[in-house]
Amino acid sequence: MLRLTEIRLGLNHREPELKAAILRALGISEPELLGYHVRRRGYDARKASEVVFVYTLDAEVKDEPALLALFRHSQHIRKAPDETYYYPVQAPANFGKRPVVVGTGPCGGRRCGSLVRGMLGEPVVNCKDCGWPVLAGPPQELCPRCEYAKQES
């Protein structure tokens, strides 16, 4: 699937003109175009006497790799991005008790984040000063609460 941008057509254009504009932009014949889908249609009204539609289209073609190689330097003809929906990551089935997150301020979010990540298997250590759990790692082993207290003093 190819993503075509900046396809400009007049306000009174018909469907065959859109297809012809795609074929002209890609430099292919009609049998090579398997289908297309309008992703976005906007207006360009910078000139009052020349208001046009500006399309972003996804086109399915027969020889996509060859066209991508041909238009590798073009800003307006690229491979269409993968817009498949992926479900959010879920905890394993044997997760046990689920954590309850109360408050998502700076300290609550960071503390609960390290707790949950620790429950998922990442190494967690306790803060040197107050004992809060924090993710083990090179930056530091202080909790956000102690970092803030040191900045305030």
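All of the numbers you see were taken from the coordinates with simple rules; none came from a lab. Since we're looking at a predicted model, the values are computed, not measured.
Structure notes:
- Backbone amide hydrogens, once placed in the peptide plane, bring ASP129 within less than 5 Å of CYS143, excluding anything fewer than 5 places away on its chain.
- Using θ = phi - 60° and Karplus 6.51 cos²θ - 1.76 cosθ + 1.60, couplings along the stretch 9-24 (whole Hz; Gly, Pro as x): 9, x, 5, 9, 6, 10, 4, x, 5, 5, 5, 5, 5, 5, 4, 5
- Around the amide H of TYR36, modelled in the peptide plane, lie the amide H atoms of GLU60, all under 5 Å away and 5 or more residues distant in sequence or on another chain.
- Amide hydrogen neighbours beyond the local backbone of ALA80, cut-off 5 Å, H modeled: LEU2, ARG3
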